[in-house]
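> What follows is a structure written as structure tokens; I'll ask about it next.
Every number here is computed from the coordinates shown, using simple stated rules; none is lab data. If you're wondering where the values come from, they're calculated on a predicted model, not measured in any experiment. With ideal geometry, Cβ positions are generated from the backbone for all residues, glycine too; neighbour counts draw on all protein chains shown.
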Amino acid sequence: MLRLTILFSLLLVPTLSLALDFSLHKNQGFQPGPSLLIIGGIQGDEPGGFNAAALLATRYRVVAGNLWVVPNLNFSSIIKRSRGIYGDMNRKFAELPKSDPEYPQVARIKAIIQDPEVDLVFNLHDGSGFYSPSYIDSQRNPERWGQSCIIDQSRLNGQRYGNLEELTRTTIAQINRRISPARHSFQLKNTQTATTDTDIARVFRPTCALITICWRWKPI
């Protein structure tokens, strides 16, 4: 698995001079439609996220709309199999000094996310356990993240495709039709970022239509 992971990452690096920078792959469909940005690899120890993104960038053909894929956002940490060799990049989007070693990458991905052509962003992660809205056991409860589609709020007003809950429930229904056994089905998790004062809310203030997909890399 490590050999496959490194191979995917190396294949998707655009040039040797940008060996520690991430790559952006654009796949234009045959018919007009919305543009979806998929991000994987923000945390280097979550192979499900960056391998899935790499497959989407290399093995799929887009029929309608546009697919933009960043499969290796935190490329240095992917190579090291580390959550973040310079700290958790997932916590660097609100404020970040220019002295941070990852400032160029964070600034670049923020510009891509805010590109007027991008309609919706999917952020791919691995997660522990199985999210459940109610407590079942230590692996299935509201504090877990695995097998969930995560939104910050039900609706993001003023944004294209800001009806996040509706879009996510539709996505989950399509995913779950293909999942077996049923106990591995996806759930909707709403962190209520815009209306709470938790640590995660102070880090993530949504400014774009963002859905995070989080699954167990090795389901039990």
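> Run the reach check for residue 26 against lysines, Cα to Cα strictly under 18 Å, same-chain hits fewer than 8 apart removed. What comes back?
110
> May I pose another question? Count charges around residue 106 for me, please; just the other residues with Cβ under 12 Å from its Cβ, Lys/Arg as +1, Asp/Glu as -1.
In short, 0.
> Throw me the Rg/Rh for region 2-215, computed over C-alpha atoms with Kirkwood Rh, two decimals.
With Rh from the inverse mean 1/r over Cα pairs, Rg/Rh is 0.95.
> Something else: Using only the alpha-carbon atoms of region 63-162, report the extent along each of the three principal axes, biggest first, to the nearest angstrom.
Projected onto the principal axes, the Cα atoms of region 63-162 cover 43, 36, 30 Å.
> If N is the number of residues in region 155-194, what value comes out of its Cα radius of gyration divided by 2.2 N^0.38 Å?
Here the Cα radius of gyration is 1.39 times the empirical estimate.
> Additional query: Where does each of 180-186, 65-71 land if you order them by average Cβ count within 10 Å, highest first?
Highest-to-lowest ranking by the protection proxy: 65-71, 180-186.
> Same structure, new question: Run the dipole for region 2-215 about the Cα centre, Lys and Arg Cβ at +1, Asp and Glu Cβ at -1, nothing else charged, and hand back the magnitude in debye, nearest 20.
480
> Given R₀ = 22 Å, what would the calculated FRET efficiency be for residue 94 paired with residue 26, taking r from the Cβ atoms and rounding to 0.05?
After rounding, the FRET efficiency stands at 0.20.
> Give me the lysines in straight-line cross-link reach of residue 189: C-alpha distance below 23 Å, same-chain residues under 8 apart excluded.
92, 218
> Then there's this: Counting other C-beta atoms within 10 Å, which of 212, 195 has the fewest, and how do the rest follow?
Listing 212, 195 from fewest to most nearby Cβ atoms yields 195, 212.
> Could you go through region 160-173 in sequence order and give the Karplus-derived ³J(HN,Hα) for each residue, using 6.51 cos²θ - 1.76 cosθ + 1.60 with θ = phi - 60°, rounded to whole Hz, and x for Gly and Pro?
Result, ordered by residue: 4, 6, x, 7, 4, 5, 4, 4, 5, 5, 5, 4, 4, 4 Hz.
> Then there's this: Count the net charge of all other residues whose Cβ sits under 14 Å from the Cβ of residue 21, scoring Lys and Arg as +1 and Asp and Glu as -1.
Every neighbour counted, the sum reads 0.
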